[in-house]
Amino acid sequence: MLQIQPHNLNTVCPKEHKNNNLYAANFYAPMRLNKDTVSFGGKNKDLLELSEKEIFDKISESINNANFLGEGNEARVYRIPDTNYVFRSARIPDNRMHSGDYTKMLSFDLTTDDRINHIVAKLGEGCSIMKYLPGKNCFEYKNKKELFNLPLESYYNLYKQICYAKDNDMIFDCCETNIIYNPKDKSLTAIDFYKQDYDFPENVKPLSYIYSAIASSIATTDKTLYKNLLGSLVGVILKEFEPGVKPAQNIGEFDINRFFGNFENYYEDDMPPQYKILKSKLIDLQCLKLQEILGHDVKNEQIAAIKISKSIVNQILKKDNNSFLNNLKLWNYEF
């Protein structure tokens, strides 16, 4: 039986809390189209299909220490028993918790912003019902090697989620506690987004955010982990630059130098010469993708550049001894 301990849900991510067991955790999951059916009185029925009174009764029953998951600056979260949902109880201005005012309203009229933040129903005074994910955030998850060596699709789906939010003016709050990892299906889910403030606009860089969030979950002398993560995220870039693929973000917003700069902040050893070639090839691919979008036939050039990039990744990041670049004399090869 899964045992969940209460955790502080403060998503501000103060560095002084890095080694605190009460450091932020979150167990929200993305909204799914298929509802979760549970048994109430012998009948299979989803929580959201119950009457308002029954929903409020289930929420009221959940507000106790046994179901408490954690709290942050803005809310306290409870698991709703026998369901795959949680109740987010918002704080009122004087910092007391709500008691019964969530019953003032129950609404399934959700905005895109609500769905991006995994809300499935809104209640009174900022309270809500959200999906529950049985997993841990990246800071809490103990097997760091597993986090840094997930299948490419795990990182690619997370990247697309952050890009989709960005397209809807929602910004991922970049923090290792705000990415939930489910070891059962190897999924990564971002769980905390806020609205873009156009008085103080932010330049969102999804790949840099992902690298920073996952890499900051561990302080290690094993640089292999950082290199593996970089290699996987370069794989995301290469998927975006494949011929015929519509990128999840504007092609001009791929800040490759900044993305590699995030890696350099963690990996302080001298880079092999192939490292610069890899960055150069990715920038070339970015230009080729733009030409493709403008209607030019550059497929052969794209395929060749992707092949070289993958081989460099395997050689200096993923350590594939079969890479054709392993025995390459760089001064005799024209890139």
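Quick note: the coordinates plus some simple rules give every number you see, no bench work behind them. Please read these numbers as outputs of a predicted model, since none were measured by experiment. Positions of Cβ are backbone-derived with ideal geometry, glycine not excepted, and every protein chain shown enters the neighbour counts.
Of all aspartates and glutamates in the structure, those lying under 13 Å Cα to Cα from Lys279, and not within fewer than 8 positions of it along the same chain, are Asp255, Glu264. Just so you know, the averaged projected area of the alpha carbon convex hull for segment 158-212 sits at 3.8 nm². Computed over the Cα atoms of segment 78-202, the ratio of the radius of gyration to the Kirkwood radius (Rg/Rh) comes to 1.00. Extension gain, Asn300-Asp222: 0.36 nm per intervening residue step, less the Cα-Cα distance, totals 24.3 nm.
Under 14 Å of direct C-alpha separation, and excluding same-chain neighbours fewer than eight residues apart, Lys195 reaches these aspartates and glutamates: Asp113, Asp114, Asp167, Asp169, Asp173.
Here segment 136-332 is treated as an ellipsoid with the same Cα gyration tensor; its semi-axes, largest first and in whole Å, are 27, 23, 15. Summing Lys and Arg as +1 and Asp and Glu as -1 over all other residues whose Cβ lies under 12 Å from the Cβ of Leu230 gives a net charge of +3.
What is the local net charge at Glu202, summed over the other residues whose Cβ is closer than 13 Å to its Cβ (Lys, Arg +1; Asp, Glu -1)? Value of the local net charge: -2. Each listed q (0.13, 0.20, 0.24, 0.28 Å⁻¹) maps to a log10 I(q)/I(0) for segment 182-247, found by the Debye formula over equal Cα scatterers with no solvent: -0.55, -1.07, -1.20, -1.25.
Summing Lys and Arg as +1 and Asp and Glu as -1 over all other residues whose Cβ lies under 11 Å from the Cβ of Lys166 gives a net charge of -2.
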